[in-house]
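Every number in this text was worked out from the coordinates using simple rules, so none of it is lab data. Source: prediction; values computed, not measured. A quick note on method: Cβ atoms are made from the backbone with ideal geometry, for glycine too, and the neighbour counts reach across all protein chains shown.
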């Protein structure tokens, strides 16, 4: 089964699973309990049936994962109607189930992340390759050709920032779709060379040879928004042309969504206001595709326009603040994330705890303060401990081996409990860890 947005603690979101699981919860399990991580991804494999049906119903090929998932074969279960519009008095249509499509590549990314961190080839042969191939087939059919620009675009979507509906070329969506197709092409070549029997099976199932021709013809023509003269990557085609307002009253809000006491969603859609991390999520997931200068410029531009009206937003911004060396802001955002369920706002969890935010809190600590990352299949560690923390210790599973890591301001201690050495990068320097190793 999947993990619902509220876990089993309340009836918020009807127990449905979102991208929350793959992006915010799964990393904890990958590095702390890989067996459970595999189980969560097997749930998504069982959901291929519903994903293929959703793609077909929407006129596409391949597997198009539902924004909200329940019983895996059900397909899309997002409600169609939501709260009443404060301006018009009409019920608001929920577009996520129709056009918030980045979840398909988020799941492919999660499969890749799990595989690179665990080396679980059995999972890939049974489930993972099929998921990546079929999601790539979806994206290839979803691309739209713009003759005037000479490129493929992805139009009429909702990105991670759900305050911007019906946008064209959401950067996160485009980059992640490109990643998904590129990954499928890599695994196509791998199986064709190394596992001909497996390749034959998936070729017969998914017509991979034809799919490969389509991927090759489209990949390099997918529009990937680039930094402008100020190094800012536009969140979508029109974001940077929208009105800028003073967001101070809403940044200091007592309750999320307070901007909707004054504006409706259409009005907010025409402002440079973001619900949550969007471009920032891209820098977190595909961080080595962008220079530090570009990441910092965008962080400074978008953070002040982000209301963190989603519990998923604070952790991403905290991790990036750690990366940029802003320890004070990183800890402030971490503390705010921790207080979503544990703080003074006693009604924050009335519909259930924020399970993905809890995963995000772990990410703040292990991926942010400890600087743990998987980059190009290599394990990295670059600690940035909060000034008033004396010590941080945590277990870390990597490629079937358990590392016990302890970090102080003076040293890093790593106990490799396996007999074989582990190669990792500490502050950019390659290290081989055997037994108990101390790095000063």
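Using the alpha carbon gyration tensor of the chain, what are the three equivalent-ellipsoid semi-axes (square root of 5 times each eigenvalue), largest first, in whole Å?
With the √(5λ) rule applied to the chain, the semi-axes are 31, 30, 21 Å.
Please report how far the C-alpha centroid of the stretch 358-427 lies from that of the stretch 156-171, rounded to the nearest whole angstrom.
Using only Cα atoms, the two centres lie 34 Å from each other.
Using the eigenvalues of the Cα gyration tensor, what equivalent ellipsoid semi-axes result for the stretch 337-399 when each is taken as the square root of five times the eigenvalue, whole Å, largest first? Spell out each step's value before the answer.
Working: eigenvalues 151, 48, 14 Å².
The three semi-axes for the stretch 337-399 are 27, 16, 8 Å.
Specify the inter-centroid distance of the stretch 76-120 and the stretch 24-56, based on alpha-carbon positions, in whole Å.
15 Å
What length, rounded to one decimal in nm, is gained on full extension from residue 349 through to residue 90, with 0.36 nm per residue of separation minus their alpha-carbon distance?
Details: separation 259, 0.36 × 259 = 93.24 nm, distance 2.75 nm.
Gain in length upon complete extension: 90.5 nm.
Work out how far the C-alpha atoms of the stretch 370-440 reach from end to end along every principal axis, then list the three figures in whole Å, largest first.
35, 24, 18
In Å, the Kirkwood hydrodynamic radius of the stretch 170-312 over pairs of distinct alpha carbons?
In the stretch 170-312 this quantity evaluates to 17.9 Å.
Quick check on the exposure proxy: order 354, 16 from fewest to most C-beta atoms within 10 angstrom. Each step should come with its number before you reach the end.
On the way: 354 26, 16 20.
In increasing order of surrounding Cβ atoms, one gets 16, 354.
Can you work out the FRET efficiency for the pair residue 32 and residue 391, with r the C-beta to C-beta distance and R0 = 22 Å, to the nearest 0.05?
The formula returns an efficiency of 0.75 here.
If a/c stays under 1.5 just call it rounded; otherwise compare a/b with b/c (prolate if a/b is bigger, oblate if not). Do that for the stretch 1-82, with a ≥ b ≥ c from the square roots of the Cα gyration tensor eigenvalues.
Judged from the Cα gyration tensor, the stretch 1-82 comes out oblate (a/c at least 1.5, b/c at or above a/b).
For residue 58 and residue 262 in the same chain, what is the full-extension length gain: residue separation times 0.36 nm, less their Cα-Cα distance, in nm?
In short, 69.9 nm is gained.
Please compute the length gained on full extension between residue 382 and residue 243, using 0.36 nm multiplied by the number of residues separating them and subtracting their Cα-Cα distance.
Working it through step by step, the gained length comes to 46.2 nm.
Of the candidates 238, 21, 306, which one comes out as most mobile in a Gaussian network treatment of the chain with C-alpha springs shorter than 10 Å?
Comparing 238, 21, 306 in a Gaussian network model of the chain, the most mobile one is 238.
Can you compute the FRET efficiency between residue 200 and residue 339 using 1/(1 + (r/R0)^6), with r the Cβ-Cβ distance and R0 = 45 Å? Round to the nearest 0.05.
E between residue 200 and residue 339, to the nearest 0.05, is 0.25.
Quick check: from the Cα gyration tensor, does the stretch 34-83 come out rounded (a/c under 1.5), prolate or oblate?
Working: a/c = 2.90, a/b = 1.38, b/c = 2.10.
Note, shape of the stretch 34-83 comes out oblate.
Between 272, 91, 399, find the one with the highest GNM mean-square fluctuation for the chain; connect C-alpha pairs within less than 10 Å.
Result: 91 has the largest fluctuation of those listed.
With label points built 7 Å along Cα→Cβ from the Cα atoms of residue 43 and residue 432, find their separation and express it in nm.
4.1 nm
Could you estimate the translational diffusion coefficient of the stretch 95-175 from the Stokes-Einstein equation, with Rh from the Kirkwood formula over C-alpha pairs, at 10 °C and 1.306 mPa s, in whole µm²/s?
So the translational diffusion coefficient is about 114 µm²/s.
Fewest to most neighbouring Cβ within 10 Å: what's the order for 64, 281?
Numbers: 64 28, 281 25.
Sorted ascending by nearby Cβ count, the order is 281, 64.
Can you tell me the mean projection area, over all orientations, of the convex hull of the stretch 262-413's alpha carbons? Units nm², please.
Averaged projected area of the stretch 262-413's Cα convex hull equals 11.2 nm².
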